[in-house]
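Enquirer: Please find one structure pasted underneath; my questions will follow.
The values are calculated or read from the model by the stated rules, or taken from the named source; none is laboratory data. Not measured: the values here are computed from a predicted model. A quick note on method: Cβ atoms are made from the backbone with ideal geometry, for glycine too, and the neighbour counts reach across all protein chains shown. In case anyone asks, the SASA skips ligands and DNA or RNA and just uses the protein heavy atoms, side chains included. Shrake-Rupley method; radii C 1.70, N 1.55, O 1.52, S 1.80 Å.
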Amino acid sequence: MTASSFNQPLGGNDMPRFGGPATMMRLPVQATSAGLDACFVGIPLDIGTSNRPGTRFGPRQIRTESCMIRPYNMATRAAPFDSLQVADIGDVAIDTFNLPKCVDIITDAYRAIIAEGCRPLTLGGDHTLTFPILRAMAEKYGPVGLVHVDAHADINEHMFGEAIAHGTPFRRAVEAGVLDTRRCVQIGLRGTGYAADDFDWPRRQGFRVVQAEECWHKSLSPLMEEVRAQMGEGPVYLSYDIDSLDPGIAPGTGTPEIGGLTTIQALEIIRGCWGLDLVGCDLVEVSPPYDPSGNTAITAANLLFEMLCVLPGVRRR
């Protein structure tokens, strides 16, 4: 394909940024992933949340706030829309009232999305959604490596007696055998816990756990060199919870924790994934009602663009 034959975001000189379709980066809409190298897909889910709801509105707000993002990455020189066929394929039609059913709906949807090699970039939605996505990924690629950026480990045994919730996805993923636990890293964990060893359970499974305090006042580029070496050449999934950022930066989330990462560190983490065999990514836990400014969703939209820029096959000018 030539660059001109790839889908392009609608430019600001063709339609004012405040006009046009409210798709991710104002890309064309497509009903399925057929013929695509990568896609943006929303999961408007918040029935797995334990504190403040509202992430069901995350995909719509992220799309709205993505209207200012232009197609070329001026820092990394990545040119994703000259390299890959990308479209917005809309939202997964979840069951608003039945969370276990949603899990199966999401797995089925992602089986279809990735069947021919399309790499999905998911707009969340609460973090429950990552477990069913990982199930689909493992069916195609085998157990995958994981780069998980979050304030929370999300490895609870149960929440309010339920095995499926936004605080349990990575315990369920380990139990289901869909993760290569020697190639898993969690970055940004912090806050208080239910037990003194809350962050030790993933360590016992083989995860590398990098608590937020280890990240304070420093560049994370050296850390990402180590992460790339740990991940090696196998398939890797990137899951980014917006509450990994300090709530002073990203207040629009349901479970904020002080002492978080900066947007600069977020960029270092995602850009540091360049060269990995990323088979999919998600950006979760954006709850627009708690940030009327829209800044949390703007940040999320930009981080999703950065994820697109580090997918395999993206050329750098």
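Enquirer: Please compute the Cα-Cα pair-distance distribution of the stretch 176-317 with 10 Å bins starting at 0, giving whole percents from short to long.
Expert: 11, 40, 38, 11, 0
Enquirer: Loop only by DSSP, 15 or fewer other Cβ within 10 Å of the Cβ. Give me the trypsin sites (Lys or Arg not before Pro) in the stretch 204-236 that pass, ordered by residue number.
Expert: LYS218
Enquirer: Something else: For GLU233 and ALA93 in the same chain, what is the full-extension length gain: residue separation times 0.36 nm, less their Cα-Cα distance, in nm? Provide the component values of the computation, followed by the final result.
Expert: Values: separation 140, 0.36 × 140 = 50.40 nm, distance 3.37 nm.
Gain on extension, GLU233 to ALA93, equals 47.0 nm.
Enquirer: Then there is this: Would you kindly state how much longer the chain becomes between GLU157 and ALA112 on full extension, computed as 0.36 nm times their sequence separation minus their alpha carbon distance, in nm to one decimal?
Expert: Numbers: separation 45, 0.36 × 45 = 16.20 nm, distance 2.96 nm.
Extra length available between GLU157 and ALA112 comes to 13.2 nm.
Enquirer: On a 0 to 90° scale, report how tilted helix 99-114 is relative to the longest principal axis of the chain, with both axes built from alpha carbons and the result rounded to the nearest 10.
Expert: Taking the Cα atoms of the chain, the angle to 99-114 is about 40 degrees.
Enquirer: Enumerate by residue number the chymotrypsin sites (Phe, Trp or Tyr not before Pro) in the stretch 55-142 meeting two conditions: DSSP loop (anything except H, G, I, E, B), and at most 15 other Cβ atoms within 10 Å of the site's Cβ.
Expert: Working: sites: PHE57, TYR72, PHE81, PHE97, TYR110, TYR141; in loops: TYR72, PHE97.
Sites meeting the loop and neighbour criteria: TYR72, PHE97.
Enquirer: While we're looking at this one, here's another question. Which Rg and Dmax, in Å, describe the Cα atoms of the stretch 252-317?
Expert: Calculated on Cα positions, Rg and Dmax stand at 13.4, 39 Å.
Enquirer: Applying the Karplus parametrisation 6.51 cos²θ - 1.76 cosθ + 1.60 with θ = phi - 60° to the phi angles of the stretch 49-61, what ³J(HN,Hα) value in whole Hz is obtained for each residue in order, glycine and proline being reported as x?
Expert: 7, 10, 10, 8, x, x, 5, 4, 8, x, x, 5, 6
Enquirer: Still on this structure: At a Förster radius of 30 Å, what calculated FRET efficiency corresponds to the Cβ-Cβ distance of ASP14 and ARG316, to the nearest 0.05? Write out the running numbers ahead of the final one.
Expert: Working: r = 26 Å, r/R0 = 0.85.
It comes to 0.70.
Enquirer: Which one, THR130, GLY11, ILE69, is farthest towards the positive end of the dipole of the chain when Lys and Arg carry +1 and Asp and Glu -1 on their Cβ?
Expert: With unit charges placed on the Cβ atoms, the residue in question is GLY11.
Enquirer: Residue separation times 0.36 nm, minus the C-alpha to C-alpha distance between ALA196 and ALA31: what's the value?
Expert: 54.7 nm
Enquirer: Which one is right for this structure if mean projected area of the Cα convex hull in nm² is calculated from it: [x] 16.1; [y] 17.8; [z] 14.9?
Expert: Computing mean projected area of the Cα convex hull in nm² and matching it to [x] 16.1; [y] 17.8; [z] 14.9 gives [z].
Enquirer: Let me ask something else. Carbon and sulfur together cover what percent of the accessible area of the chain at a 1.4 Å probe radius?
Expert: 54
Enquirer: Let me ask something additional. What Rg and what Dmax come out for the stretch 34-77 when only alpha-carbon atoms are used, in angstroms?
Expert: Looking at the stretch 34-77, its Cα Rg and Dmax stand at 14.6, 40 Å.
Enquirer: Amide H to amide H, which residues 5 or more places from ASP277 or on other chains are under 5 Å from it, using H placed in the peptide plane?
Expert: Residues meeting the criterion, in which the H sits 1.01 Å from N, are VAL236.
Enquirer: Right, another one. Which of the chymotrypsin sites (Phe, Trp or Tyr not before Pro) found in the stretch 188-271 are loop residues per DSSP with 15 or fewer other Cβ atoms within 10 Å of their Cβ?
Expert: TYR194, TRP216
Enquirer: Further question: With θ taken as phi - 60° and the coefficients 6.51, -1.76 and 1.60, list the Karplus ³J(HN,Hα) couplings across the stretch 277-287 in order, rounded to whole Hz; mark glycine and proline as x.
Expert: Values per residue, Gly and Pro as x: 7, 6, 9, x, 8, 9, 10, 10, 6, 7, 10 Hz.
Enquirer: Over 19 Å apart: what share of the alpha carbon pairs of the stretch 18-111 falls there, rounded to a whole percent?
Expert: When every Cα pair of the stretch 18-111 is considered, 51 percent fall beyond 19 Å.
Enquirer: Still on this structure, please answer the following. Per residue, how much accessible area does the stretch 66-175 show when a 1.4 Å probe rolls over the protein heavy atoms, in square angstrom?
Expert: Per-residue value: 35 Å².
Enquirer: With axes computed from alpha carbons, what is the tilt in degrees of helix 221-231 against the longest principal axis of the chain, rounded to the nearest 10 within 0 to 90?
Expert: So the inclination is approximately 80 degrees.
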